Structure formats: structure tokens, C-alpha cells
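Participant: Got a structure here, written out as C-alpha cells. Questions coming.
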Amino acid sequence: MGTSMGRRERLRAETTAEIKKVALGLMASGGPDAITLRAIAREMGMTANAIYGYFATRDDLVTTLIDNVFTALADTVESAWENAPTQDPAARIRAWAHAFRGWALEHPEGFRLVYGDPVPGYRPPEGGPAPDAAHRMCTSITALADTAWPHTAHRYADSDFTWSDFDAGLLDKVRPAFPDLPPAALALALRIWSHLHGLVSLEIYGHLRTQTLAPDKLFTEELAQLIQTLDIPQQR
């Protein structure tokens with residue numbers, strides 16, 4: 001009996017993983033509105049009713065996909081950050097940035113699902129489809145500014161940012177983790193994020209393809225210039 005249940009659970013896990021893989025494949029070829037349970041069933045040679053045994057609705061599937069994808073991204077950038085030398089802020093920022101770009105290039109459909117293309121008609125659950133991963137990413141991005149702040153704070157002595165300039169949900173995520181950072185540092189975190197996310201988005205959506213044959217060089221140079229503007233000392 002125990003062996004039978006183990007086999008059943010294993011088959012269910014394998015089928016669930018295949019459903020998610022097929023869904024991302026459909027999105028890659030047909031856009032986010034191509035994710036339907038009927039289309040997935042057709043691709044897998046299953047009946048639509050059989051798919052409902054794994055995901056009750058299309059929205060349940062999309063929520064699971066976003067949560068899985070966003071969690072994998074958070075795991076990737078956090079691992080890169082933690083494995084970089086803590087005494088070298090520039091190296092930590094570079095590690096985070098390259099991990100973010102590398103993950104996006106390896107999982108373009110996942111990147112688009114989280115950061116780009118809304119799935120038509122999708123209604124996320126209350127609190128969002130991936131609240132834990134979203135919290136982790138907000139904290140991780142703020143950590144970039146936190147590690148630079150001791151070196152670059154002097155540039156923002158006249159900043160007029162106040163906490164009221166930011167979304168309350170964002171503040172709930174980052175202020176407990178970084179209680180000593182001022183509003184200007186959170187603004188810096190968003191600016192750092194815009195630099196890194198902007199170039200990666202252009203690359204993922206193909207907008208750089210006809211402009212440069214070396215998007216990696218463009219990203220690396222942008223990152224070097226960004227670190228230089230933060231006045232972070234470069235370790236040899």
C-alpha cells in the first residue's frame with residue numbers, strides 16, 4: 001500500500017510539473033492568453049476534465065506558475081548575494097545583477113510572467129500570487145542600496161524624499177529589514193533597480209537585438225558605471 005501511494009504521488013508530481021512546463025511553452029509561442037487548461041490538455045494528450053484534477057481553474061495554475069517562477073528568481077539572486085564577499089560591496093552588487101540577468105535569459109517566459117505580460121482575465125488571490133517571493137525581492141533590491149549607502153550617502157544630503165513618497169506596502173516590506181535607512185536610500189534602491197531591470201527587460205523583449213550584438217557588454221558597462229556613481233571603492 002505504501003509503495004502504491006508513493007508511486008501515485010510521484011506520478012501526480014510529474015504530471016503537475018509537465019502541466020506547468022507546457023503552460024510556459026504555450027506562453028512562449030502564443031503569449032499569455034495562450035495559457036488555457038484546454039490547450040494544455042490538448043498538448044499533453046489529456047482530457048480537459050483530467051487537467052481539472054490538478055488545477056481547479058486556469059487562475060489557480062497561473063498563480064502557481066507565478067509563485068514558482070518568482071520564488072526561483074528570489075532564490076537565485078539571494079544565493080548570488082550571499083556567496084559574494086561581504087567586505088566587497090561592488091562585488092556583491094555585480095553578483096546580484098549578473099544573477100538576475102542570467103536567470104532572466106535562461107527563463108524568459110518566467111520573467112515575462114512576473115514582470116511583463118499580464119495574463120488576460122487573470123484574477124490574483126488576495127495579497128498577490130507570490131507574496132513571500134515579492135517580499136524577498138523587495139528586501140533583496142533594498143539590500144543593494146543598503147550596501148552602497150555608507151559610501152554614497154553624502155550625495156543625498158539634500159534629498160527631499162520622505163516616507164510619504166512611497167507605497168505603504170513597499171514600506172511594510174523593507175523598513176523592518178532596514179530600520180536605519182532614510183527615505184533617500186529607498187529612492188536609491190528604486191533607481192538601482194530601474195537601471196538593472198530596464199536593460200534586462202529590453203533584452204528579454206528583443207528590443208536590443210537589432211541594436212547591438214553585445215548586450216552582455218552593454219549590461220556590464222552600465223553596471224560598472226552605476227557602481228562608480230555610488231562611490232564604492234573597487235577592491236583589487
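The values are calculated or read from the model by the stated rules, or taken from the named source; none is laboratory data. Remember, predicted model here, so these are calculated numbers, not experimental data. Because the Cβ atoms are built from the backbone with ideal geometry, glycine has one as well, and the counts that use them run over all protein chains shown. Just the protein is used for accessible areas: all its heavy atoms, side chains included, with ligands, DNA and RNA removed. Shrake-Rupley method; radii C 1.70, N 1.55, O 1.52, S 1.80 Å.
Participant: Apply 1/(1 + (r/R0)^6) to the Cβ-Cβ distance of Glu126 and Leu171, taking R0 = 22 Å, and write down the FRET efficiency to the nearest 0.05. Don't skip to the end; give the middle numbers.
Facilitator: Values: r = 20 Å, r/R0 = 0.89.
Step by step, r from the Cβ atoms, then E = 0.65.
Participant: Can you give the extra length, in nm with one decimal, that the chain gains between Lys217 and Leu202 once fully stretched, where that is 0.36 nm per residue apart less the Cα-Cα distance? Could the numbers behind the result be given before it?
Facilitator: Values: separation 15, 0.36 × 15 = 5.40 nm, distance 1.41 nm.
Gain on stretching Lys217 to Leu202: 4.0 nm.
Participant: How large is the charge dipole for the chain, taken about the Cα centre, if only the Cβ atoms of Lys, Arg (+1) and Asp, Glu (-1) carry charge, to the nearest 20 debye?
Facilitator: On the way: 22 positive and 29 negative charges, 156 e Å.
It works out to roughly 740 debye.
Participant: For the chain, modelled as a GNM with alpha-carbon contacts under 10 angstrom, which of Leu105, Leu199, Leu170 fluctuates the most?
Facilitator: Residue with maximal mean-square fluctuation among Leu105, Leu199, Leu170: Leu170.
Participant: I would also like to ask the following. For the chain, what does the helix formula give at 222 nm: sum of -39500 (n - 2.57) over DSSP H segments with n ≥ 4, over the residue count, nearest 500 deg cm²/dmol?
Facilitator: On the way: 10 runs with 159 residues, N = 236.
Value at 222 nm, helices only, nearest 500: -22500 deg cm²/dmol.
Participant: Which residue fluctuates most in the GNM of the chain (Cα springs below 10 Å): His98, His107, His154?
Facilitator: Evaluated over the chain, the most mobile residue of the options is His154.
Participant: Using +1 at the C-beta of Lys and Arg and -1 at the C-beta of Asp and Glu, which of Thr162, Ala104, Asn83 has the Cα lying farthest in the positive direction of the dipole of the chain?
Facilitator: Looking along the dipole axis, the top candidate is Ala104.
Participant: Can you figure out the FRET efficiency of Phe161 with Ala224, using R₀ = 30 Å and their beta-carbon distance, to the nearest 0.05? If you can, show how the numbers build up before the last one.
Facilitator: Details: r = 26 Å, r/R0 = 0.87.
Efficiency, rounded to the nearest 0.05: 0.70.
Participant: Here is a follow-up. Connecting C-alpha atoms closer than 10 Å in a GNM of the chain, tell me which of Asp180, Asp158, Asp132 has the biggest fluctuation.
Facilitator: Result for the chain, Cα springs under 10 Å: Asp158 fluctuates most.
Participant: Once whole DSSP H runs in the chain are found, which of them have Cα atoms spread over 20 Å or more along the helix axis and a mean Kyte-Doolittle score of at least 1.0? Intermediate values should be presented prior to the final figure.
Facilitator: Values: long enough: 2-30 (42 Å, -0.36); 58-83 (38 Å, -0.01); 89-106 (26 Å, -0.12); 131-152 (32 Å, -0.18); 183-204 (31 Å, 1.10); 215-229 (21 Å, -0.26).
Membrane-span-like by this rule: 183-204.
Participant: With a/c under 1.5 counting as rounded, go ahead and sort the chain into rounded, prolate or oblate using the C-alpha gyration tensor (a ≥ b ≥ c being the square roots of the eigenvalues; past the cut-off, prolate if a/b is larger than b/c, else oblate). Write out the running numbers ahead of the final one.
Facilitator: Details: a/c = 2.17, a/b = 1.89, b/c = 1.15.
Prolate is the answer for the chain, as a/c is 1.5 or above and a/b outweighs b/c.
Participant: Can you work out the accessible area per residue across the chain, with the rest of the protein chains kept in place, probe 1.4 Å, in square angstrom? Display every interim value, and only then the final one.
Facilitator: Working: 12890 Å² over 236 residues.
Spelled out: the 1.4 Å probe surface of the chain, per residue, equals 55 Å².
Participant: Quick one: check the C-alpha center-to-center distance for the range 173-188 versus the range 131-172, whole angstrom.
Facilitator: That distance is 4 Å.
Participant: Applying 1/(1 + (r/R0)^6) with R0 = 35 Å to the Cβ-Cβ distance of Arg12 and Tyr115, what FRET efficiency is obtained, to the nearest 0.05?
Facilitator: Working: r = 30 Å, r/R0 = 0.86.
So the FRET efficiency works out to roughly 0.70.
Participant: Give the ranking of Asp117, Asp165 by solvent-accessible surface, highest area first, calculated with a 1.4 Å probe. Write out the running numbers ahead of the final one.
Facilitator: On the way: Asp117 35, Asp165 90 Å².
The ordering from most to least exposed comes out as Asp165, Asp117.
Participant: Same structure again: Before anything else, pin down the relative contact order of the range 13-147: Cα pairs under 8 Å, at least 6 apart, normalised by residue count, whole percent.
Facilitator: Numbers: 111 pairs, mean separation 37.6, N = 135.
Rounded, it is 28 percent for the range 13-147.
Participant: What shape does the range 117-236 have by the C-alpha gyration tensor, where a ≥ b ≥ c are the square roots of the eigenvalues, rounded means a/c under 1.5, and otherwise prolate means a/b greater than b/c and oblate the rest? Walk me through the intermediate numbers first.
Facilitator: Values: a/c = 2.19, a/b = 1.01, b/c = 2.16.
Note, shape of the range 117-236 comes out oblate.
Participant: If each residue of separation counts as 0.36 nm, what is the full-extension length gain between Leu190 and Arg42 once their alpha-carbon separation is subtracted?
Facilitator: Details: separation 148, 0.36 × 148 = 53.28 nm, distance 4.25 nm.
Fully extending the segment from Leu190 to Arg42 adds 49.0 nm.
Participant: Considering only protein heavy atoms, with the full assembly of protein chains and a 1.4 angstrom probe, order Tyr156, Tyr52 by accessible area, largest first. Intermediate values should be presented prior to the final figure.
Facilitator: On the way: Tyr156 55, Tyr52 100 Å².
Order by accessible area, largest first: Tyr52, Tyr156.
Participant: How would you classify the range 49-126 from its alpha-carbon gyration tensor, with a ≥ b ≥ c the square roots of the eigenvalues: rounded for a/c under 1.5, else prolate if a/b is greater than b/c, otherwise oblate?
Facilitator: Working: a/c = 3.27, a/b = 2.73, b/c = 1.20.
It is prolate, given that a/c is not under 1.5 and a/b is the larger ratio.
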